[in-house]
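Report on the structure given below.
Quick note: the coordinates plus some simple rules give every number you see, no bench work behind them. Everything numeric in this text was worked out from a predicted model, so none of it was measured. Glycine gets a Cβ as well: all are built from the backbone with ideal geometry, and neighbour counts include every protein chain shown.
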Amino acid sequence: MKVLVAVKRVIDYNVKIRVKADNTGVETANVKMSMNPFDEIAVEEALRMKEKGIATEVIAFSAGPAQCQETIRTALAMGADRGILVQTDVELQPLAVAKLMKAVVDKEQPGLVIVGKQAIDDDSNQTGQMLAALLGWSQGTFANKLHVADGSAEVKREVDGGLENIKIKLPAVITTDLRLNEPRYASLPNIMKAKKKPIDVLAPDALGVDVAPRIKTLKVEEPPKRKAGIKVKTVAELVDKLRNEAGVI
Amino acid sequence: MAILVVAAHDGKTVRANVANAVAAASHMGSDVHVLVAGSNAGDAAKSAAAIQGVAKVLQAEDAAYANWLAEDIAPLVVKLAPNYSHVVMAADSVGKNIAPRVAALLDVAQVSEAIQVVSPDTFVRPIYAGNAMATVQSSDKIKVVTIRPTNFKAVAGSGSAAIEQIGGAGASGLSSFVGAELSKSERPELTSAKIVVSGGRGLASGENFKMLETLADKLGAGLGASRAAVDAGYVPNDYQVGQTGKVVAPDLYIAIGISGAIQHLAGMKDSKTIVAINKDEEAPIFQVADYGIVGDLFQIVPELTAAVDKK
């Protein structure tokens, strides 16, 4: 079975982001970009399935500007077999990405799609669920553990009250939560090898998908800043402040 | 046109955050309906009817809805959606699972975790773990929106909306519920607790969380944790406060042995009063704390527990 994983290029999680002075968005020029951490977990899970002989091929998908090739290369260096980039400079929103992925799924016929549960830039948490809807497939979101066997998958999900176990029919879309696995680092030889792995580059038009944004960003602003408070020396002083100044205990 | 709030429930009552969703929905339009789908959901439907601001409750009975599987609930919502201008859910693990599936089936975009309704088509939502706030406008005919419950105060009072029975849409057969491993706790639920005591990597072990439990119980507080503490296996995943865990905004948040990574701050910086206890005086948590104590938590926490005891 082929496994398709989606990898998004986002501002690196260690970077402190800056809102643009004209409030049109967040500064991305000269900022370190990396693979969305949840997508690393998706790639790792697919690779483990391949190592166990469940997956035959791992395909890394990305969509966006030409630089997304670097993100796909990272997935290839981790061990994915080949890449597919839908290249466009249009701002891609989750519904558009889900439609692009559906077109690729229709062509590649994977048995499983694994994506990160959310991207750390727009924090939408939508694409996997949307893709499952468009395909009419089952969905195992916020996966903490995944077991695939005999045409179905058992998924342990992280939910509000703890964990939940569901059994879903394959093909399916899985979205990864933090505890699913710990992604590997790419070794130098594998980084070299990844340079020779193929990446198909397609245009949204070729897939017949309209990627025009449905949601318009009117402005992006800094959040209200919290003032740093005071340091107290003793517990007695703290309790006094909480009781008599803040009135919260 | 009316607004449809899709309510999660435990079979007896709808979740507390449904009242927050109704409050958010009332900023989008005046006629708010609540969908309560389930198997034997009569009591839950009654609890929804009693929420202030609800005009009508739709109760959909079907064995397929017993466990809130997205594959079964989404088609029901999609069937009802054309009668509504908005479909609203709380941004909890149920809403996050179902709402995008509904949106895609309707071929509309979704607005995730709105914290403010500017106008019926314009919303403010946090991006980059709350380090930026985006004002976004949806051009779709039906707007599917998840809302962050802590940002919408439930409207006081009670209502007595009519309950209308509607048919179910049946099971998809795609997915089935096997079981749940839920954390059992007598403590207040994290997202609605007035006080939250939270522990981080500084606790150094799951065993040491007992110390926080004692403090939490003295204060009548909910118990939370940083991602580091959950990843290290000290406490279960549902304790996690942060960008990808729970978002809390209690009157008092006590961060103990938590350094204050950006993704943690995203989940608690709207708390009214923040206390930080950390041995590292440079820890970023002190930049958002109203009151900080630099020192050894293993000394300070027992002292604090004793001090809140004697009023």
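Would you list A:Asp205, B:Asp251 from fewest to most Cβ contacts within 10 Å?
Numbers: A:Asp205 10, B:Asp251 15.
Ascending Cβ contact count within 10 Å gives the list A:Asp205, B:Asp251.
Could you give the Stokes-Einstein D for the protein assembly as shown in µm² per second, using the C-alpha Kirkwood radius, 4 °C, 1.567 mPa s?
53
Springs between Cα atoms under 10 Å define the GNM used for chain A, and in it the highest mean-square fluctuation of A:Ala133, A:Ala236, A:Ala46 occurs at A:Ala236. Which shape class applies to region B:117-207: rounded if a/c is under 1.5, otherwise prolate when a/b exceeds b/c and oblate if not, where a ≥ b ≥ c are the square roots of the Cα gyration tensor eigenvalues? Note, shape of region B:117-207 comes out oblate. Global dimensions of region A:1-113 from alpha-carbon coordinates: Rg and Dmax equal 15.0, 52 Å. Projecting the Cα atoms of B:Ala103, B:Val155, B:Gly167 onto the charge dipole of chain B, computed from C-beta unit charges around the Cα centre, puts B:Val155 farthest toward the positive end.
Counting, for every residue in A:219-231, the Cβ atoms of other protein chains within 10 Å of its Cβ and taking the mean gives 6. The P(r) of chain A has a tail past 34 Å containing 26 percent of all C-alpha pairs. Note that region B:177-191 has calculated 3J(HN,Hα) couplings of 8, 9, x, 10, 10, 9, 5, 9, 7, 8, 6, x, 5, 3, 6 Hz, one per residue in order, obtained from phi through the Karplus relation 6.51 cos²θ - 1.76 cosθ + 1.60 (θ = phi - 60°); glycine and proline are x. Helix B:297-309 and the longest principal axis of the C-alpha atoms of chain B enclose an angle of approximately 70°. Here the Kirkwood formula puts the hydrodynamic radius of region B:190-309 at 13.6 Å, using every distinct Cα pair. In region B:1-77, inverting the average of 1/r over every pair of distinct C-alpha atoms gives 12.2 Å as the Kirkwood radius. Note on chain B: GNM, Cα springs under 10 Å; of B:Val87, B:Val294, B:Val34, the largest mean-square fluctuation is that of B:Val294.
Per residue of B:239-248, what is the mean number of Cβ atoms on other protein chains within 10 angstrom of that residue's Cβ?
Numbers: counts 1, 4, 0, 1, 4, 11, 4, 1, 0, 0.
If you average over the peptide's residues, the count of other-chain Cβ atoms is 3.
Treating the beta-carbon of each Lys and Arg as +1 and of each Asp and Glu as -1, no other charges, what is the dipole magnitude of region A:2-245 about its Cα centre, to the nearest 20 debye? Let's see the in-between values first.
Numbers: 37 positive and 33 negative charges, 94 e Å.
The calculated dipole for region A:2-245 is roughly 460 debye.
Place a +1 charge on the Cβ of each Lys and Arg in region A:191-249 and a -1 charge on the Cβ of each Asp and Glu, then give the dipole magnitude about the Cα centre in debye, rounded to the nearest 20.
On the way: 14 positive and 8 negative charges, 74 e Å.
About 360 debye.
Taking only Cα atoms of region B:198-249, what ratio of Rg to Rh do you get with Rh as the Kirkwood inverse-distance radius? Show your work: numbers first, answer last.
Numbers: Rg = 10.3 Å, Rh = 10.9 Å.
Rounded to two decimals, Rg over Rh is 0.95.
Structure remark: mean-square fluctuation, Gaussian network model of chain A, C-alpha springs under 10 Å; the largest value among A:Leu47, A:Leu146, A:Leu218 belongs to A:Leu218. Over all pairs of different C-alpha atoms in chain B, the reciprocal of the mean inverse distance, the Kirkwood hydrodynamic radius, equals 20.5 Å.
What average count of beta carbons from other chains do you get within 10 Å of the Cβ of residues in B:284-293? Working shown, then result.
Numbers: counts 0, 0, 4, 5, 5, 5, 10, 11, 6, 7.
Partner-chain Cβ atoms within 10 Å, mean over residues of B:284-293: 5.
Convex hull volume of the Cα atoms of region B:32-83, normalised per residue: 69 Å³. Over region B:35-126, all Cα pairs binned in 5 Å intervals from 0 give whole-percent P(r) values of 3, 12, 21, 24, 23, 12, 4, 1, listed from short to long. For A:Asp12 and B:Lys12, a Förster radius of 41 Å and the Cβ-Cβ distance give a FRET efficiency of 0.35, rounded to the nearest 0.05.
Return the calculated 222 nm mean residue ellipticity for chain B, to the nearest 500 deg cm²/dmol, obtained by summing -39500 (n - 2.57) across DSSP H runs with n ≥ 4 and dividing by the residue count. List each step's numbers first, then the result.
Details: 8 runs with 74 residues, N = 311.
Rounded to the nearest 500, the figure is -7000 deg cm²/dmol.
Of the three principal axes defined by the Cα atoms of region B:2-166, the extents in descending order read 42, 35, 27 Å. In order along region B:126-143, the Karplus-derived 3J(HN,Hα) couplings, from 6.51 cos²θ - 1.76 cosθ + 1.60 at θ = phi - 60°, round to x, 10, 6, 6, x, 7, 8, 10, 9, 9, 10, 10, 9, 9, 6, 5, 9, 9 Hz, and Gly and Pro are given as x. Ordering A:Ile166, A:Ile230, B:Ile277, A:Ile199 by the number of other Cβ atoms within 10 Å of each residue's own Cβ, fewest first, gives A:Ile230, A:Ile199, A:Ile166, B:Ile277.
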